[in-house]
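First comes the structure, then the notes that go with it.
What follows draws every value from the coordinates through simple rules; no lab data is involved. Please read all numbers here as calculations on a predicted model, not as lab measurements. Because the Cβ atoms are built from the backbone with ideal geometry, glycine has one as well, and the counts that use them run over all protein chains shown.
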Amino acid sequence: MGFSMNDMTGSFSFAPAHAAAGAQDAAQRTAPQLDPIGVIFQISGSGSQVLIELEAIDRLSTHPDACVSMTGQVGSQVKMKLGNFWVLANIRSMALDRRDPNRVIADVDFLGEGNEDPVSGHITHFRRGVTRYPTPGTQIHPVSSDDMDHIYAATEQAHVQIGTVYPTTRTRAALYVDPLLGKHFALLGSTGTGKSTSAALILHRICDQSPKGHIVMIDPHGEYAAAFADNGAIFDVGNLALPYWLMNFEEHCEVFVTAYGSDRNIDCDILAKCLLAARARNRLAEGMARLTVDSPVPYLLSDLSTILSNEMGKLDKGTGSLPYLRLKTRIDEVKADPRYSFMFSGMLVADTMQDFIAKIFRMPANGKPISIIDTSAMPAEITSVVVSVLSRLVFDYAIWARSEPQRPILLVCEEAHRYIPNTTTGAGQSVRKILERIAKEGRKYGVSLGLITQRPSDLAEGVLSQCGTIIAMRLNNDRDQQFVRAAMPEGARGFLDSIPALRNRECIICGEGVAIPIRVALDTLEEERRPASQDPSFSRLWQEAGGEDDILNRTITRWRNQGR
Ligand SMILES: Nc1ncnc2c1ncn2[C@@H]1O[C@H](COP(=O)(O)OP(=O)(O)OP(=O)(O)O)[C@@H](O)[C@H]1O
Ligand SMILES: [Mg+2]
């Protein structure tokens with residue numbers, strides 16, 4: 001560590017600390033006049049250092065302004081003047097000056113700069129990044145709540161307010177809707193830190209502002225129905241009615257092909273041929289110039305079965321019939337299984353594509369701009385295909401609607417690591433591919449992705465860096481922290497160090513959706529708007545008893561009927 005310059009630091013003189021006199025009127029004064037607390041010591045591209053007088057930190061610690069009293073804490077901010085600019089920096093870490101125990105050396109990251117209003121002295125037009133660096137010896141000043149109000153004041157750009165900026169108790173934190181959604185976002189945090197509630201909070205604020213929006217939320221735990229009872233369309237196995245024929249060929253293979261290894265390729269080839277023939281039987285196919293196995297044209301499962309039988313009949317002396325039998329058996333199995341009926345029922349053969357897309361994408365929204373797809377009661381082995389079909393519909397719709405009036409769609413994925421895992425083998429590859437594709441190209445077509453996960457390190461490589469905005473709640477795991485660090489912009493590194501120390505429902509936001517990186521204490525969400533993910537109170541619930549007979553009876557009935 002090159003602290004050799006320390007010898008020289010003694011020659012800097014801090015402004016006289018006329019603390020006692022200024023203490024009480026300092027509360028009323030606006031910040032630009034607060035006494036300096038130290039000086040810039042070293043400036044370099046990667047990390048700059050400031051010297052702060054311990055006495056000044058002490059003096060300010062009892063200041064009535066919560067923000068000023070935090071001065072000199074890790075995670076707090078300081079400002080310095082450069083001509084008629086103010087430059088804002090964030091304190092990343094601190095150490096005692098070995099040469100002078102009355103001072104601390106703090107590493108700081110520059111956040112941005114603003115102009116000084118010549119009349120009021122307030123900081124105006126604050127923007128990210130600095131065009132000029134201050135020189136060593138420049139005095140640094142505490143930042144007040146008043147400053148924070150001006151620094152974080154939202155511009156006219158469309159935004160939603162979601163909480164208060166740390167460490168103030170009043171400065172509102174704004175998320176800019178267009179850059180947030182335009183470049184995807186990720187919401188990360190260890191379990192129980194408040195991800196789902198924060199997601200509900202942000203989506204509620206957006207829905208309140210855009211009641212004609214189009215949001216599709218994949219909800220694997222059935223939590224969000226409670227949160228969006230008023231302004232959301234709720235779909236589960238009972239009413240989703242997802243037609244099986246909307247699946248493309250790859251998704252068909254994931255459901256119908258059970259063989260492994262080289263047998264799998266054989267089965268897939270046969271399925272491709274027979275599926276195409278089945279689709280071709282539809283009246284809609286007649287007028288189509290290019291019918292493919294992927295075309296979303298209805299067909300009858302019984303037709304597919306019959307075609308498989310016919311093809312099998314054409315074989316020489318019955319050799320090689322095994323793949324046909326495997327496929328037929330699986331198709332029959334799926335058809336007969338009541339757990340699959342939300343997708344494979346005989347009722348779903350009609351051409352309902354337009355109705356289906358209208359209801360899922362909320363076109364029109366009819367006051368319910370968000371659709372919640374509760375996949376919790378679906379058989380585990382089919383959920384990834386369901387998510388794949390829905391995500392692909394979103395993307396394909398956007399592609400084929402390019403010449404139409406644009407209807408941008410936001411796709412939100414809870415437990416995203418399940419669907420975009422960093423493994424490229426195993427089941428569920430089609431959903432990984434489509435979500436990766438949306439991450440890469442969705443922006444161009446007006447498809448936005450919101451990924452929520454507690455395990456960022458399990459996400460496929462590169463997906464996180466496609467997210468323009470990262471909302472990070474507390475992350476306990478080291479590996480997860482590293483992944484988030486890698487995806488965050490340089491200037492936000494100082495904030496990152498506080499990720500393990502965040503309290504519940506506190507988060508760090510950086511990237512496109514915010515003017516500069518911020519640490520936010522999220523607002524309390526009204527109870528009726530929270531997802532049903534409340535932590536159960538064991539101590540209270542274990543005081544209760546009674547009605548077990550009925551509870552068990554009703555539960556088992558639902559369990560057997562696979563209905564709610
Ligand atoms: N902004 C908030 N307003 C009110 N309550 C909140 C808020 N944030 C979190 N909570 C409460 O904290 C608890 C945990 O929140 P939540 O279920 O959202 O966490 P999570 O990170 O999604 O957890 P998991 O990883 O288990 O899904 C809940 O009881 C929730 O009500
Ligand atoms: Mg959750």
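Using the empirical formula 2.2 N^0.38 Å as the baseline, the Cα radius of gyration of the stretch 249-338 reaches a ratio of 1.07. If R0 equals 41 Å, the separation of the Cβ atoms of N239 and R127 corresponds to a calculated FRET efficiency of about 0.30. At an R0 of 45 angstrom, the distance between the Cβ atoms of K212 and A336 translates into a FRET efficiency of 0.60.
At full extension, N561 and E461 could sit 32.0 nm farther apart than now, given 0.36 nm per residue minus the alpha carbon distance. Hey, which lysines would be in cross-link range of K440, C-alpha to C-alpha under 21 Å, not counting anything within fewer than 8 residues on its own chain? Here the lysines satisfying the reach criterion relative to K440 are K183.
Please give the residues of the stretch 412-427, grouped as numeric ranges, whose backbone N is less than 20 Å from a label point set 7 Å along the Cα-to-Cβ vector of E441. 412, 420-421, by backbone N distance to the label point. Once the gyration tensor of the Cα atoms in the stretch 321-381 is diagonalised, the equivalent ellipsoid follows with semi-axes of 31, 14, 9 Å, ordered largest first. In terms of the mean number of neighbouring beta-carbon atoms within 10 Å, the peptides 476-483, 371-378, 513-520 order highest first as 513-520, 371-378, 476-483. Straight-line reach from K328: taking Cα to Cα under 24 Å and skipping same-chain neighbours fewer than 8 places apart, the lysines in range are K273, K314, K317. Subtracting the Cα-Cα distance of A486 and E286 from their residue separation scaled by 0.36 nm leaves 66.8 nm. Between the beta carbons of D478 and N115, assuming R0 = 41 Å, the FRET efficiency works out to 0.50 to the nearest 0.05. Each Cα pair under 8 Å and six or more residues apart adds its separation to the average, and for the chain the resulting relative contact order is 18 percent. Estimated from helices alone, the mean residue ellipticity of the chain at 222 nm is -10000 deg cm²/dmol (sum of -39500 (n - 2.57) over DSSP H runs with n ≥ 4, per residue). Beta bridges from DSSP with both residues in the chain: antiparallel share about 65 percent, rounded to the nearest 5. Computed over the Cα atoms of the chain, pair by distinct pair, the Kirkwood hydrodynamic radius stands at 26.9 angstrom.
The alpha carbons of the stretch 140-279 give a radius of gyration and a Dmax of 23.4, 75 Å, in that order. Extension gain for the segment T306 to R264, taken as residue separation times 0.36 nm less the Cα-Cα distance, is 13.0 nm to one decimal.
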